[in-house]
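Read through the structure below, which is laid out as structure tokens, and then see the notes.
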Amino acid sequence: MQSMQSDNIPVENRWGVNSFVALRWYWQWLAFSVLALVLYLPVLGNTFLSDDHLVLLKTGVEQQLNVDGFFRPLSDITLWLTFRLFGINPLPYYLFQVLLHALNAVMLLRYCSKMMLRCQVSDDKVFLIALLASVLFLVYPFHNEAIAWILGRGALMAGSFAIAAMLALVSNREPSVKIAVIAACYFIGMTAYETIIILPLMVVVQMIIMKEPAKQVLNMLIALVISFALHAWLRIEVSGAFLGGYGEGFFQEAGGDKLMVVLKSAGRVLLPPSDNSRMMMIRFAVALIMVGGVLFIAWKRTRKEVVSRRFFYVHLFCFAVAMLVPMWLGVSTRTSESDRFLYLPSFFFCSVLAFGLVHFFRQAKQRVIIVALLLFVMVALLEENNANWKRASGAVRQLMGEVKKAAALPGRLLVVNLPGETNGAYIFRVGFEEAIRLYQYDSSKVKVVNTLSRDEELMLPEQQVRLIAERPDMLLVQPSTLLFKTDHNHDNELLESSAEAGDLRRLVETMITLENEWSFASAARANQIRMIVYRHKLTWSNMRIGVLHPEDRYLIWNLRGWECPAF
């Protein structure tokens, strides 16, 4: 008898969904924080990565809050403050981002629930949709760049102010107070990251769909335009340009095959990255059909629920608007690079998906099974991305440990194949010199022979880097670096610097054809280099040379990590 009664209780009440949604926000934040800390536990022990060193050196050590080419003072101020309090201990930086992510999930929960309650939707599904949206957002697998990378906090905080503005829009405050709060959120959010630039369109369209008075819509639009104008004026006054070189570079890069960029960016909302672009498009088509089918049927089943459909329209439109930025700038389909652009759209993608799942699967048991499977897949993908960032951190930590040792040893440390990233997790795409300065190591004891792009790293063998002993004193390191021991010929350094300048072929040909003007050793070395290039089908412009003096050491990156094989 008790079992039969229990089965008649709505699943939302039986599992305490309504009770959780009714809790105070700080209790919700506490619960989500615990879950977020568990999810991101693997990266909490990470060190700083790539650009982090550059910006921390500028803001923390040199106390320059306006980094060249950027205008993101809110992000810089939080980094400066954390540096003042905790120095170069990375843990507080990562904790800040994980806890802020949990707070964003709380605001999404309250935004969804308040929006439907304000529309006088009394269905038990209201709280279930709100809670499911926030949980999906919390475990969304492509948030890693915004959370597991210190500089990703800009996109994270911009998302915070965007969802705070949307939450204020559905509050019971006076219209004038709402306008002031939303305009302030927009202004402050723009000082964190530019992805929030499309917020006015999202706000105004929601007001129109929800049938707000025309006068309030107009006043809101005017306030947001003024807020944008003030921000633009401040940005130009402080940095000298609205976009800066970094922003202009993004827009120049985005000017290629726009349709393909749009499709790839849309696909990355649903799918993890892959080097197989054809398979990526097939998977995207399948995922789009599945998600589109679920949403279409959910939409049909709510044909008599006008207010529920308004909720669906608002969130679907906000998702489409938020996707304008990543679709214009592009999101990598090969790695997790630029996943931070998906942070703002993911608020509304998760709420639309929650709406579709709740209305598509009418039976509680079906919902539980499907949601459990979906969460399992999302968490697995999230942890796979976490593993990439953890590996990147291990590479940085090991390299900087060797740099520290170099100060106490004779000779230099030559770094071969310095990687920019590993599967989208940044190692040292920039910032290596700044890292040495940040940790106060001796930069004169370290030399980077060459850096690796993503494509070059994929050329490396899976087990260990390929070493080809051309001569007893010469070593070819894949993909295109020559190491040779010095024979006290000063022209070796000339070959080394010429390779760095991309002018190696001209110098080698000159040494060979004008042999009488060079020493015999130089001409012989040039001939050896030319033979290696042609024998192994190397590209002259990619060739780099490292000259090892008797007391020098070298460190080589392969797909497993750093190694120092015998020479």
For the chain, the charge dipole (Cβ of Lys, Arg +1; Cβ of Asp, Glu -1; about the Cα centre) points to a positive end, and the Cα of PRO141, SER176, MET400 closest to that extreme belongs to SER176
Straight-line reach check, LYS300, cutoff 27 Å on alpha carbons, 8 or more apart in-chain or any other chain, hits among lysines -> LYS114, LYS125, LYS211, LYS365
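Based on the alpha-carbon gyration tensor of the chain and its eigenvalue square roots a ≥ b ≥ c, which shape applies: rounded if a/c is under 1.5, prolate if not and a/b is larger than b/c, or oblate? Could you put the intermediate results ahead of the total?
On the way: a/c = 2.37, a/b = 2.05, b/c = 1.16.
Since a/c reaches 1.5 and a/b is larger than b/c, the shape of the chain is classed as prolate.
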Heavy-atom accessible area of LEU85, protein chains in place, probe 1.4 angstrom, given in Å² to nearest 10, is 120 Å²
Note on region 388-558, DSSP bridge orientation, antiparallel percent to nearest 5 equals 40 percent
Counting only DSSP beta bridges fully inside the chain, the antiparallel percentage to nearest 5 is 45 percent
Judged on accessible area alone, 1.4 Å probe, highest first, ARG454, ARG525 line up as ARG454, ARG525
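Please state the charge dipole magnitude for the chain, taken about the Cα centre, from unit charges on C-beta atoms (+1 on K and R, -1 on D and E), reported in debye and rounded to the nearest 20. Walk me through the intermediate numbers first.
Values: 54 positive and 46 negative charges, 518 e Å.
Around 2500 debye, computed over the chain.
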Out of PHE317, VAL98, ALA223 - ranked by how far each Cα lies towards the positive end of the dipole of the chain, with unit charges on the beta-carbon of charged residues - the top one is PHE317
Region 388-558 accessible area per residue, 1.4 Å probe, protein heavy atoms, integer Å², reads 47 Å²
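Check region 388-558 and count each lysine pair with an alpha-carbon distance under 18 angstrom, considering only pairs eight or more places apart or from different chains. Working shown, then result.
On the way: LYS404/LYS445; LYS404/LYS447; LYS405/LYS445; LYS405/LYS447; LYS445/LYS485; LYS447/LYS485.
Within region 388-558, the lysine pair count is 6.
To the nearest 20 debye, what is the magnitude of the charge dipole of region 388-558 about its Cα centre, counting +1 on the Cβ of each Lys and Arg and -1 on the Cβ of each Asp and Glu? Walk me through the numbers on the way to the answer.
Numbers: 22 positive and 22 negative charges, 121 e Å.
For region 388-558, the charge dipole is close to 580 debye.
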In order over region 353-365: 3J(HN,Hα) from phi, Karplus 6.51/-1.76/1.60, θ = phi - 60°, whole Hz, x for each Gly or Pro, gives 5, 4, 4, x, 5, 5, 7, 7, 9, 7, 8, 4, 5
Ordering 347-358, 537-548 by per-residue average of other C-beta atoms within 10 angstrom, highest first, gives 347-358, 537-548
Per DSSP, the loop-located trypsin sites (Lys or Arg not before Pro) within region 286-341 having at most 11 other beta carbons within 10 Å are ARG303, LYS304
Taking a ≥ b ≥ c as the square roots of the Cα gyration tensor eigenvalues, with a/c under 1.5 meaning rounded and otherwise prolate when a/b beats b/c or oblate if not, region 310-437 comes out prolate
Heavy-atom accessible area with a 1.4 angstrom probe orders TYR313, TYR140, most exposed first, as TYR313, TYR140
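Starting with the highest mean, order 319-332, 391-404 by the number of other Cβ atoms within 10 Å, averaged over the residues of each peptide.
Working: 319-332: 20.4, 391-404: 18.7.
Sorting 319-332, 391-404 by mean packing, highest first, produces 319-332, 391-404.
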Residues whose modelled amide H sits under 5 Å from the amide H of VAL430, counting only those 5 or more places away in sequence or on another chain, are ASP51
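What percent do you get for the relative contact order of the chain when only Cα pairs under 8 Å and 6+ apart count? All intermediate terms of the calculation are to be shown ahead of the outcome.
Details: 841 pairs, mean separation 90.7, N = 567.
Over the chain, the number comes to 16 percent.
Expressed as a whole percentage, what fraction of the accessible surface of region 388-558 belongs to carbon and sulfur atoms when a 1.4 Å probe is rolled over the protein heavy atoms? Mind showing how you got there, number by number?
Working: 4000 of 7970 Å².
Answer for region 388-558 is 50 percent, counting heavy atoms of protein chains only.
With a ≥ b ≥ c the root eigenvalues of the C-alpha gyration tensor of region 388-558, is it rounded (a/c under 1.5), prolate (a/b larger than b/c) or oblate?
Numbers: a/c = 2.18, a/b = 1.52, b/c = 1.43.
Prolate shape, in that a/c is at least 1.5 and a/b is the bigger ratio.
The values are calculated or read from the model by the stated rules, or taken from the named source; none is laboratory data. Computed from a predicted structure; not experimentally measured. Positions of Cβ are backbone-derived with ideal geometry, glycine not excepted, and every protein chain shown enters the neighbour counts. For accessibility, only protein heavy atoms count, side chains too; no ligands or nucleic acids. Shrake-Rupley method; radii C 1.70, N 1.55, O 1.52, S 1.80 Å.
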